[in-house]
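Below is one structure, written out as structure tokens, with a few remarks after it.
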Amino acid sequence: LYDWEEHYFRTGEGENRIDTAASLFGCLYLLPATEAAKVQETFNTHLTSPSGLRNFYPAYPQERIFPALRRIGMGGYHNEKVWPWITAQNIQVKIKIAREHPDEQIREQYKQETVADLIDQAKLFEEAGGAWEVFDPDTRQKATGLKILGRNYKPPQNLMGNMAAFSSAYEQLKELGWIAE
């Protein structure tokens with residue numbers, strides 16, 4: 001499922017859609033730091049938004065979203081919104097590159113990016129008033145107007161997955177001495 005020419009993991013066999021979560025876990029556990037840096041270039045080109053990384057590129061058209069998810073109103077929720085835990089996991093990928101890439105300049109670049117990304121995510125949470133479950137990709141605001149089963153869905157203010165991934169990145173950067181307490 002890995003595209004060696006475009007540097008990303010696909011959402012499925014025969015598809016040309018970037019799966020951000022699969023690409024992150026591939027970078028962390030399957031790919032060397034040199035290839036993970038190329039995945040980061042792909043992310044920068046296609047997935048970066050003001051709120052963090054998008055889940056897919058391109059987003060699935062409505063007719064391709066699982067019918068049960070469409071019926072309960074969750075198509076856009078999974079397909080179009082930004083989940084902060086994904087952005088925090090990407091910080092882990094950048095830490096790997098900063099520690100393992102053979103080129104010293106690239107290691108330094110990713111070291112700086114990890115710190116900047118963590119600070120930006122902390123600002124995102126502060127501006128929005130919490131580590132909301134999902135964010136609008138373009139406005140840096142918590143996602144609103146979500147309906148599930150025809151009812152308004154209010155995402156949790158401090159989703160544990162977001163908080164755990166952020167805290168893990170923070171603790172690792174602190175342990176490495178890249179940020180102060």
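Here are the numbers for this structure:
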| read-out | value |
| --- | --- |
| Accessible area per residue in Å² at 1.4 Å probe, computed on the stretch 1-157 | 52 |
| Proximal charge balance of Val134 [Cβ under 10 Å; K/R count +1, D/E count -1] | -1 |
| Listed residue pairs exceeding 20 Å between alpha carbons, taken from Lys38/Lys123; Lys38/Lys96; Lys96/Lys174; Lys38/Lys111; Lys81/Lys142 | Lys38/Lys123 |
| Paramagnetic reach from Glu104 in the stretch 9-50 [backbone N under 19 Å; point 7 Å along Cα→Cβ] | 34 |
| Total charge dipole magnitude, the stretch 28-81, about the Cα centre, Cβ charges on Lys, Arg, Asp, Glu only, Debye to nearest 20 | 240 |
| Per principal axis, descending, Cα span of the stretch 137-181 in whole Å | 48, 21, 13 |
| Qualifying trypsin sites (Lys or Arg not before Pro) in the stretch 7-68, DSSP loop, other Cβ atoms within 10 Å at most 15 | Arg17 |
| Amide H partners (placed H, <5 Å) of Lys147, local residues excluded | Tyr153 |
| For the stretch 6-134, Kirkwood radius (reciprocal of mean inverse C-alpha pair distance, Å) | 15.4 |
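The values are calculated or read from the model by the stated rules, or taken from the named source; none is laboratory data. Keep in mind that this is a model prediction, so the values were computed, not measured. FYI the Cβ positions are ideal-geometry reconstructions off the backbone, even for glycines, and counts take in every protein chain you see. These accessible areas exclude ligands, DNA and RNA; they are computed on the full protein's heavy atoms, side chains included. Shrake-Rupley method; radii C 1.70, N 1.55, O 1.52, S 1.80 Å.
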